[in-house]
2 protein chains.
Amino acid sequence: MPRKADATQPTAPETPARRSPCPVACALDLFGDRWTLLVIRDLLLGRSRFKDFAASPEGIPTNILSDRLTRLLESGIVSQVPVEGGKRLAYELTEKGRALKPVLAAMKEWGLRWEEGTQVGLESRS
Amino acid sequence: MPRKADATQPTAPETPARRSPCPVACALDLFGDRWTLLVIRDLLLGRSRFKDFAASPEGIPTNILSDRLTRLLESGIVSQVPVEGGKRLAYELTEKGRALKPVLAAMKEWGLRWEEGTQVGLESRS
DNA sequence: TTTTTTACTTGCATTTTGCAAGTCAAATGA
DNA sequence: TCATTTGACTTGCAAAATGCAAGTAAAAAA
């Protein structure tokens, strides 16, 4: 009798399983780390290419960046679109991703108010 | 000639140094991980004791909880107050900590809107 | 067609997690 | 008062995630 290569249960394509039904906890399952929201910040600022994210002043390691972009694609926060007249792809926020703007805005306000020496603008090493 | 035990430079009491002046990045330096904002969520819900945070449905490991509470104290987001008529201390948000409410609120709204099956309430295992 | 640039991948060393199992003072109860 | 029980942490790892520094390969530019 023919069989599939292995006998593991066909549980869904391996999303690590959420920790609780709390919307905050679920959100953190998707972007609760030191880098993901910085990539989303860059996307909200209009950046769209790997090198642009890598050039942000925080200096995200490229292997981490690669991993975070993959996850953001998987969770539907980011999508890829072909760059006009080329074969490369650019990243952009989906509606779900753009809906994070209030989160970033609140964090920005909090940082400006409570963390001495923070400021916006001037965001591009290289 | 008498000397201090070691010759390391007296650089400030070792706060890991921020990655950039961006307010979002600075905020993430303080609570950019999978657990810290859940502790703050619990505090906003009125919980104040170690065991209460540990009893939240996400099940934070106690060593991590201990570490996060220490950092939150160090960054001035949380403070400790004696429990009435006892020697134990309870945790509570400072003004700086309460100012994170809009961040949590935005994340909650986002989660409820975009993550299927999320819901508020029912937050207490044990 | 050669040279650059862009977008990643690989290989580690180090750090951070997560889990289970202590420890010990404070609160409770008999 | 003294024995238990609870609360608040520590400790000890194994496993996973991070952070470099270097590669690599396809696209774009020269």
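Annotations for the structure displayed:
- Residue-level check: of (1) closer than 29 Å to B:LEU38 by Cα; (2) within 16 Å of DNA strand C (Cβ to nearest atom), A:LYS96 misses just (2).
- Residue tally, condition open to solvent by less than 80 Å² (accessible area, probe 1.4 Å) and over 14 Å from the mean Cα position of the chain (by Cα), over segment A:62-88: 3
- Check on B:SER79, away from DNA strand C (no atom under 16 Å from the Cβ) and modelled with pLDDT under 95: no
- Of all residues making up segment B:79-105, the number that are touching a helix residue (DSSP H, G or I) at 6+ places or on another chain (Cβ under 7 Å) and without any contact (Cβ under 8 Å) to a residue 12 or more places away in the chain: 2
- Qualifying positions in segment B:59-70 - more than 13 Å from chain A (Cβ to nearest Cβ) and more than 8 Å from DNA strand C (Cβ to nearest atom): B:LEU65, B:SER66, B:LEU69, B:THR70
- All positions within segment A:11-42 that are among the aliphatic types (A, V, I, L, M) and either open to solvent by 30 Å² or more (accessible area, probe 1.4 Å) or assigned to a loop (DSSP other than H, G, I, E, B) (or both): A:ALA12, A:ALA17, A:LEU30
- Hey, A:LYS108 within 15 Å of DNA strand D (Cβ to nearest atom) and of a type outside the set (Phe, Trp, Tyr) or not: no
- Subset of segment B:89-124 [at the interface with chain A (Cβ under 7 Å from one of its Cβ atoms), open to solvent by less than 40 Å² (accessible area, probe 1.4 Å) and among the polar types (S, T, N, Q)]: B:THR118
- Among the conditions (1) free of Cβ contacts under 8 Å to residues at least 24 places away in the same chain; (2) open to solvent by 60 Å² or more (accessible area, probe 1.4 Å), B:LEU45 misses just one, which is (1).
- Restricting the search to helices (runs of 4 or more DSSP H) fully inside segment B:43-126 and requiring at least 1 residues that are touching a Gly at 6+ places or on another chain (Cβ under 7 Å) gives B:95-98.
The values are calculated or read from the model by the stated rules, or taken from the named source; none is laboratory data. Everything numeric here is computed off the predicted structure, so don't read it as measured data. Glycine also receives a Cβ, built like all others from the backbone with ideal geometry; neighbour counts cover every protein chain displayed. Keep in mind that these areas ignore ligands, DNA and RNA; they rest on the heavy atoms of the full protein, side chains included. Shrake-Rupley method; radii C 1.70, N 1.55, O 1.52, S 1.80 Å.
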